[in-house]
Amino acid sequence: MQDFSSQLSNLITQFQQDLEKVSTSDNVEALRVQYLGRKSPFQEVMRSLKDVSVDQRKEFGQAANKAKQDIEAAIEARETDLVNKRFERLGEEEKIDISLPGEKSSVGHLHMVTSAIRDIRRIFEHIGFTQVRHPEIDWEWYPFEVLRIGADHPARDNWETFFVDVPAHPKKGKMVLVPHVSNGQVREMERGELPIRSMNIAKTYRRQSDVSHVPMFHQFEGWIIDKGIRLTDLKGVMEYFVKEYFGEDREIRLRPHHFRFTEPSMELDISCGLCAGKGCSMCKEGWVELGGAGMMHPDVLRAGGVDPEIYSGLAFGWGVERTVSMKAGLNIADLRTMYKNDVRFLEQF
Ligand code: FA5
């Protein structure tokens, strides 16, 4: 019994001496482990409690608990003391007032074109379009030749293409920055898997720069090739996209057009979001033009090794920047502002 009491008081005396010597918070922590940890003398003393007679065990147990609490309190006080001392040693400039309200750092967000690409991708994924990638720098073969736009064809001027200064391919011609993502049509068929229901969203380039044209822009082009694909499927896909992206109240109109690689070809108009189709200065009698579409020309299917007697295909390709700018309320007067990197403009969207 006497043993237990004296063991306890020796331990406390020893602890107090050790505590006086520590000079860093790390040392204080080490002392806590040394005195109260699993293999500490304190635990040993506690184990010896079982040798104390039953009637005294309660009293000693309480004494041991009190000693433990005292040790913990002393450790805490010492730690606070050390922190305060360190703070006092800091120069005036180093001191911080932790009660000051924090400064909010500005949080960035995705560029409007990037988030539009994500929205578009998600909308088409819902109806089973797989996202694919095809080269943004390609032989003329894919964006022109196989799409029935031969080297001398005047339609080739419409695309106002950038050429890359590398030796031409003997069969596939010069290397170009793709002026439209239709280069993916035959590339997609060349993969040799049917049916196809896929979409490529990529950068495209043309020698153009004015309020409605930027030299680098993005197009998304979707393709479905299967047995029995018809114009009504194309209309259904367009209607679905327009309602999902622009809103239920927007209407579509298919207007006859001409592309060398689709037959029939059309342009898709949507009712103007500013005047709700009534006609205003931003639209043509209530309609705004979204982009081209059509049924794949049999020659294009053949160029991709697909038999047009068995399969038919639809294709549509639109510009992301124009699509974004047509969202109700955006009314972006000059497409080029999207790429001027002026945060005052970009942070609004
Ligand atoms: C084409 O590029 C065809 N490949 C579209 C197509 C695909 C037709 C599949 C049939 C089947 P177009 O040259 O009209 O078509 O361009 C399509 C869209 O790209 C335009 O409606 C417009 O939204 C966008 N676009 C074209 N040039 C620019 C430019 N310089 N800046 C921004 N957007 C542009």
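The values are calculated or read from the model by the stated rules, or taken from the named source; none is laboratory data. Quantities reported herein were computed from a predicted structural model and do not represent experimental measurements. All Cβ positions, even for glycine, are placed from backbone atoms using ideal geometry, and neighbour counts span all protein chains on display. SASA here: full protein model, heavy atoms, side chains in, ligands and nucleic acids out. Shrake-Rupley method; radii C 1.70, N 1.55, O 1.52, S 1.80 Å.
Taking 18 Å as the straight-line reach from the Cα of Lys50, the aspartates and glutamates in range (excluding those fewer than 8 positions away in the same chain) are Asp3, Glu59. In the chain, the DSSP-assigned H stretches of four residues or longer account for a calculated mean residue ellipticity at 222 nm of -11500 deg cm²/dmol, using -39500 (n - 2.57) per stretch and the full residue count as denominator.
More than 15 Å apart: what percent of Cα pairs in the stretch 58-105 qualify? Before the final figure, lay out each step's value.
Working: 758 of 1128 pairs.
Value for the stretch 58-105: 67 percent of Cα pairs lie more than 15 Å apart.
Peptides 217-230, 176-189, 309-322 ranked from most to least packed give 176-189, 309-322, 217-230, packing being the mean of other C-beta atoms within 10 angstrom over each peptide's residues.
In the stretch 2-94, the C-alpha radius of gyration followed by the widest Cα-Cα span (Dmax) gives 16.4, 61 angstrom.
The angle between the Cα long axis of helix 54-89 and the main principal axis of the chain comes to about 60°, on a 0 to 90 degree scale. Which one, Ser312, His258, Val300, is farthest towards the positive end of the dipole of the stretch 246-334 when Lys and Arg carry +1 and Asp and Glu -1 on their Cβ? It is His258. Candidate cross-link partners of Lys21 among the lysines, defined by an alpha-carbon separation under 18 Å and a same-chain spacing of 8 or more, comprise Lys85.
Ignoring aspartates and glutamates fewer than eight residues from Lys171 along the same chain, the ones with Cα atoms less than 17 angstrom from its Cα are Asp138, Glu140, Glu145, Asp152, Glu190.
Compared with the dominant principal axis of the Cα atoms in the chain, helix 231-246 is inclined by about 40°.
Work out, in µm²/s and without decimals, the Stokes-Einstein translational diffusion coefficient of the stretch 92-144 at 20 °C, 1.002 mPa s, Rh from Kirkwood over C-alpha pairs.
Working: Rh = 16.7 Å.
Here the translational diffusion coefficient equals 128 µm²/s.
Whole number in Å², please: accessible area per residue of the chain, 1.4 Å probe, ligands, DNA and RNA not counted. Can you show the working numbers first?
Details: 20080 Å² over 349 residues.
For the chain, the solvent-accessible area averages 58 Å² per residue.
When only alpha carbons of the chain are considered, Rg and Dmax amount to 37.7, 112 Å. Taking only the C-alpha atoms of the stretch 225-337, the Rg (one decimal) and the largest Cα-Cα distance, Dmax (whole number), read 15.7, 47 Å. Please give the net charge around Lys340, taking every other residue with its beta carbon less than 14 angstrom from that of Lys340, where Lys and Arg add +1 and Asp and Glu add -1. For residues surrounding Lys340, the net value is -2.
Ranked by the mean number of other Cβ atoms within 10 Å per residue, highest first, peptides 88-94, 145-151, 57-63 order as 145-151, 57-63, 88-94.
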